[in-house]
Amino acid sequence: MSPALDYAVVGAGMFGSVFARCAAEAGRRVLVVDRRPHIAGNCYSEAVEGIEVHRYGPHIFHTRDAGVWAFVNRFTEFNHYRHRGLVRNGDRLLSFPINLATLHQVWGVTTPEEATARLEAAREPADGDNLEAWIVSQVGRELYELFIRGYTAKQWGREPRDLPASIIKRIPIRLTWDDNYFDDPYQGIPVGGYTRMFANMLDHENIRVETEVDFFDHRRELERAASRLVYSGKIDEFFDYRFGELDYRSLRFQTEQKPGDFQGASIVNYTAADVPYTRIVEHKHFALQQTDRTVVTYEFPQKYDRGREPFYPIRDWRNTNVYERYRQLSQTGQVIFGGRLGSYQYFDMHQVVGQAMATAKRELSEGRQTTARAA
Ligand code: UDP
């Protein structure tokens, strides 16, 4: 008997939901399961006192890919939020990523020329291929200590010299007064929240969604129910950790309701090593809302172990090698892997949308006439 479904998608986060939508629009029948009681993965948001709270950390959508932007705009309107970072270190509150305003605050410089001269004097030749060596070679030790060292050590649970520079290369350094966090032309926060965007994406006659279904409790059933499996969970878990466990970093969130406006900005990063949290998120500022009350979340990085949520893949040398073995194994089978956990990549949302769209296009245009449809 042929399976009743074309695809069983594991994970209702960004990869699974975008793939499901693309497949459904191509006439395929899709079941999406998620072990959590809700859709939207780590993008999940919900209203608290009329404020949309990002339950698994702040999510700011940004992309330079017009196709990705057009796709997500089919399911929500985006507001005109533009992210500007702030760093708190002791009594100082500084503009971040490093730009002319930052260098004015720290060194008193006022022109790009003065800033260039100060930076050139501060830079040290890179003494290795790691995060610390790279950033010190760009901005010098003083700025590294002020902005990077404490935050990075807390965030990743490792010294910056033991981490790859790629983690930090995503953040621009600018010698202009442009204090935008991202360079991307398309940015915003979904009006009505991320969860509603996902609900709209999954709202299709060919898609069925089941939450609180753990793939590993129903593996046989799901594999039989569909012609093909799409998996966006941890790749090491999928293969029963046969090449060893990959490392992840986890987070703990502490959310509080308060009167008024707590910090006047959506995110303040706390870069001092002796403050236990990395950032405070004030959710109402994402929605550009003015309300009498506010909801803030303190973000505490923590060690990952099985039972906790894996948020960040730690792609150091060991993990990259272990992942490579899983990746090669994944290519010998019929299962489609994607997303942050399925690809073991520190992806942003727009990269996952792009990955899922490209995967679906390849999959659906190959004319892979699945048995369910042929039946
Ligand atoms: N980072 C830092 N200080 C900051 C902000 C970021 O040292 O104030 C470093 C840190 O290593 C972090 C990386 O830059 O992991 C990437 O930061 P991003 O804001 O992109 O992290 P995300 O929002 O994805 O957690």
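The values are calculated or read from the model by the stated rules, or taken from the named source; none is laboratory data. Just so you know, these numbers come straight off a predicted model, no measurement behind them. Here the Cβ is made from the backbone with ideal geometry for all residues, glycine too, and neighbour counts use every protein chain on show. These area figures cover heavy atoms from the full protein model, side chains too; ligands, DNA and RNA do not enter into them. Shrake-Rupley method; radii C 1.70, N 1.55, O 1.52, S 1.80 Å.
Assessment of the stretch 357-370 against the conditions (under 21 Å from TYR44 (Cα atoms) and either in a helix (DSSP H, G or I) or in contact (Cβ under 8 Å) with a residue 12 or more places away in the chain (or both)) yields at least one matching residue.
Taking first residues from the stretch 62-74 that are under 24 Å from ILE171 (Cα atoms) and partners that are part of a helix (DSSP H, G or I) and open to solvent by less than 20 Å² (accessible area, probe 1.4 Å), the Cβ contacts under 6 Å between residues at least 6 apart in sequence or on separate chains come to VAL68/VAL353.
If you go through the stretch 80-105 and pick out every residue that is in contact with a helix residue (DSSP H, G or I) (Cβ under 9 Å, 6 or more places away or on another chain), closer than 14 Å to LEU146 by Cβ, open to solvent by less than 20 Å² (accessible area, probe 1.4 Å) and not in a loop (DSSP other than H, G, I, E, B), you end up with 6.
Only residues that are within 17 Å of the chain's Cα centre (by Cα) and more than 16 Å from the ligand (Cβ to nearest atom) were counted across the stretch 65-85, and they come to 4.
With respect to GLY13, is the statement that it is open to solvent by 10 Å² or more (accessible area, probe 1.4 Å) and more than 20 Å from the chain's Cα centre (by Cα) true? Judged against the criteria, GLY13 is not a match.
Here is the figure for the stretch 1-13: residues that are touching a helix residue (DSSP H, G or I) at 6+ places or on another chain (Cβ under 8 Å) and over 13 Å from ALA360 (Cβ atoms) total 9.
Within the stretch 197-256, the residues that satisfy the criterion of being of a type in the set (A, V, I, L, M, F, W, C), within 23 Å of the chain's Cα centre (by Cα) and more than 27 Å from ASP305 (Cα to Cα) are MET197, PHE198, ALA199, MET201, LEU202, VAL209. For the stretch 40-52, the candidate set comprises residues that are hydrophobic (A, V, I, L, M, F, W, C) and over 16 Å from the mean Cα position of the chain (by Cα); within that set, the residue that is nearest to SER365 (Cα to Cα) is ALA47. The residues of the stretch 202-227 that are free of Cβ contacts under 8 Å to residues at least 40 places away in the same chain and either part of a loop (DSSP other than H, G, I, E, B) or of a type in the set (Val, Ile, Thr) (or both) amount to a single one, ASP203. LEU364 passes every criterion in (1) within 16 Å of the ligand (Cβ to nearest atom); (2) over 30 Å from PHE243 (Cα atoms); (3) not hydroxyl-bearing (Ser, Thr, Tyr) apart from (1). Just the residues that are open to solvent by 20 Å² or more (accessible area, probe 1.4 Å), part of a strand (DSSP E or B) and more than 11 Å from the ligand (Cβ to nearest atom), please, taken from the stretch 245-283. Of everything in the stretch 245-283, those that are open to solvent by 20 Å² or more (accessible area, probe 1.4 Å), part of a strand (DSSP E or B) and more than 11 Å from the ligand (Cβ to nearest atom) turn out to be ARG252, PHE253, GLN254, THR255, GLU256, GLN257, LYS258, PRO259. The criterion of being open to solvent by 30 Å² or more (accessible area, probe 1.4 Å), more than 30 Å from MET201 (Cα to Cα) and of a type in the set (A, V, I, L, M) holds for ILE173. Restricting PHE198, PHE239, PHE216 to residues that are open to solvent by 40 Å² or more (accessible area, probe 1.4 Å) and in contact with a helix residue (DSSP H, G or I) (Cβ under 9 Å, 6 or more places away or on another chain) narrows the list to PHE216.
State whether one or more residues within the stretch 192-215 are farther than 30 Å from LEU288 by Cα and either in contact with a Ser or Thr (Cβ under 6 Å, 6 or more places away or on another chain) or within 16 Å of the ligand (Cβ to nearest atom) (or both). Scanning the stretch 192-215, I find no residue that is farther than 30 Å from LEU288 by Cα and either in contact with a Ser or Thr (Cβ under 6 Å, 6 or more places away or on another chain) or within 16 Å of the ligand (Cβ to nearest atom) (or both), so the answer is no.
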